[in-house]
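The values are calculated or read from the model by the stated rules, or taken from the named source; none is laboratory data. Remember, predicted model here, so these are calculated numbers, not experimental data. Cβ atoms come from the backbone with ideal geometry, glycine included; neighbour counts cover every protein chain shown. Protein only, heavy atoms only, side chains kept; ligands, DNA and RNA dropped before computing areas. Shrake-Rupley method; radii C 1.70, N 1.55, O 1.52, S 1.80 Å.
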Amino acid sequence: MGTDLKPLIKAKEIKLESLAGKVIAIDAYNALYQFLATIRGYTGEPLMDAHGRVTSHLSGLFYRSVNLLAAGIKPVYVFDGKPPALKHAELESRRRSKEEALAKYEEALQEGRFEDARKYAQATSMLKDYMLNDAKTLLTLMGIPYVEAPSEGEATAAYLTIIGLAYATASQDYDSLLFGSRRLVRNLTISGRRKLPNKNVYVDVNPEIIELDELLRDLGISREALVDVAILIGTDFNPEGFKGIGAKKALQLIKKYGRLEDIDVEGLRDELKMVDYNAIREIFLKPEVAEPSNVNIIFKEVDEQGVTRFLCDEHNFSRERVSNAIKRLNEAIRIRGSSLEQWFS
DNA sequence: CATTCTTA
DNA sequence: TAAGAATGG
């Protein structure tokens, strides 16, 4: 879920094309989860192949990646490793709400309330290991690199921007900023349409970028202080946050007192004693990240035969759609005139 | 979510 | 032809 920093952030809308030629480190879990949750049939069932294996995430990953490549963007997907121990409570609560959603889904389905069923089905979404493996296979066949993070994917993605291997991170969550990402791109989409939660209304959504340096300057605080603000709001590592404190109040408090241990507010001071905020700070400020020597960001040509075999033969995608997409991509590459030399190096 | 089909 | 609805797997 991440930290709700939104009220503190003013993002700049950008055109997708402005990212042409840039390496973007994409939070794989975030992207795949979004695909899995939203790409569903009328009654909420995910797309599946003839063997009943879920393919929603592959559909999203394939078409979006084609579009990013066609726009000249170089995506690098960063996969999660082992979650920090402090994340257990958050993961457990996610597991529980999925369980509850499953019960509601079955009930709604039984009663023919398909719109509800769809909503609850989305909330049951779980990325299984085989789905992650299928996603990695597809990326390899598409010539798109990915990185295995030792722990939080957002942390390694952020690190890639810090060491100059990526221009920005891409995620819907703000946590990569806490991990020090120099730039965060949200809404890295093509269609620019998103359904409002619980409503049958669609709104235009454009990609937006947040520059960490600018954000810190605007807020008038350091990254260390921003992490303290996040802890007050509530992070994946202290999901409760603190009673009555949202983004605005958290910022006020840190601007006034500087850091968590100096907050002099009746009640809150005692609540803070119950939280190991130093451990949380450490996760954000000194995260476990991939070794640069283990990061190979190499783009290759799309293996059209391989992609077709994998998506169409193994997973029952339409040959026509897949070949059209690859044709579009090749045409875009041709028009851009990017020689394979400069592109794939 | 992204693409394709339908509709007016 | 452009917006909205349906479909994809």
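Assorted remarks:
- Chain A - accessible surface per residue (Å², probe 1.4 Å): 50 Å²
- Signed unit charges on C-beta, dipole axis of chain A, positive-most listed residue A:SER151, A:LEU285, A:PRO46: A:PRO46
- Based on Cα contacts under 8 Å between residues 6+ apart, the range A:22-65 shows a relative contact order of 35 percent.
- Angle in degrees between helix A:56-70 and the longest Cα principal axis of chain A, rounded to the nearest 10: 80 degrees
- A:HIS88 contributes an accessible area of around 110 Å² to the protein surface, as traced by a 1.4 Å probe with all chains present.
- Cα-based reach from A:LYS82 at 23 Å (exclusive), listing lysines while leaving out same-chain residues under 8 positions away: A:LYS98, A:LYS128, A:LYS136, A:LYS286
- Approximating the spin labels as points 7 Å out from Cα along Cα→Cβ, the A:GLU111-to-A:LYS286 distance works out to 5.3 nm.
- Members of A:LYS12/A:LYS248; A:LYS12/A:LYS249; A:LYS12/A:LYS74; A:LYS22/A:LYS249 lying beyond 32 Å, as alpha-carbon distances in this model show: A:LYS22/A:LYS249
- Sequence-distant residues sharing a close amide H with A:VAL205 (under 5 Å, placed H): A:ARG193, A:ARG194
- Choice from A:LEU216, A:LEU32, A:LEU141 showing the highest fluctuation, given a GNM over chain A with Cα pairs closer than 10 Å: A:LEU216
- Charge dipole of chain A about the Cα centre (unit charges at C-beta), most positive-ward option of A:VAL205, A:VAL302, A:ILE221: A:VAL205
- In order through the range A:102-117: 3J(HN,Hα) via Karplus (6.51 cos²θ - 1.76 cosθ + 1.60), integer Hz, x for Gly, Pro: 4, 4, 5, 4, 5, 5, 4, 5, 4, 8, x, 8, 6, 5, 5, 3
- Top of A:ASN330, A:ASN133, A:ASN206 by mean-square fluctuation, Gaussian network on chain A, Cα under 10 Å: A:ASN133
- Applying the criteria of a DSSP loop state and at most 15 other Cβ atoms within 10 Å to the trypsin sites (Lys or Arg not before Pro) of the range A:228-321 yields A:LYS243, A:ARG259, A:LYS300.
- The antiparallel fraction among DSSP beta bridges confined to chain A stands at about 45%.
- Taking all Cα pairs closer than 8 Å and separated by 6 or more residues, the relative contact order of the range A:34-161 comes to 37 percent.
- Among A:VAL322, A:VAL203, A:VAL295, the largest mean-square fluctuation in a Gaussian network model of chain A, built with springs joining Cα atoms closer than 10 Å, belongs to A:VAL203.
- Intensity falloff of the range A:1-219 expressed as log10 I(q)/I(0), Debye formula with alpha-carbon point scatterers, at q = 0.10, 0.11 Å⁻¹: -0.46, -0.57
- Euclidean distance of C-alpha centroids, the range A:30-109 and the range A:217-283, integer Å: 31 Å
- Residues of type lysines that A:LYS243 reaches as a straight line, Cα spacing below 23 Å, ignoring anything fewer than 8 places off in the same chain: A:LYS6, A:LYS87, A:LYS255, A:LYS256, A:LYS273
- The charge dipole of chain A, taken about its Cα centre with unit charges on the Cβ of Lys, Arg, Asp and Glu (plus for the first two, minus for the last two), comes to roughly 1000 debye.
- Here the accessible area is traced with a 1.4 Å probe on the protein chains. For the range A:30-100, carbon and sulfur cover 57 percent of it.
- Excluding same-chain neighbours fewer than eight residues apart, the aspartates and glutamates reachable from A:LYS327 by a Cα-Cα span under 17 Å are A:GLU301, A:ASP303, A:GLU304.
- When you restrict to C-alpha pairs under 8 Å that are six or more residues apart and normalise by the size of chain A, the relative contact order lands at 24 percent.
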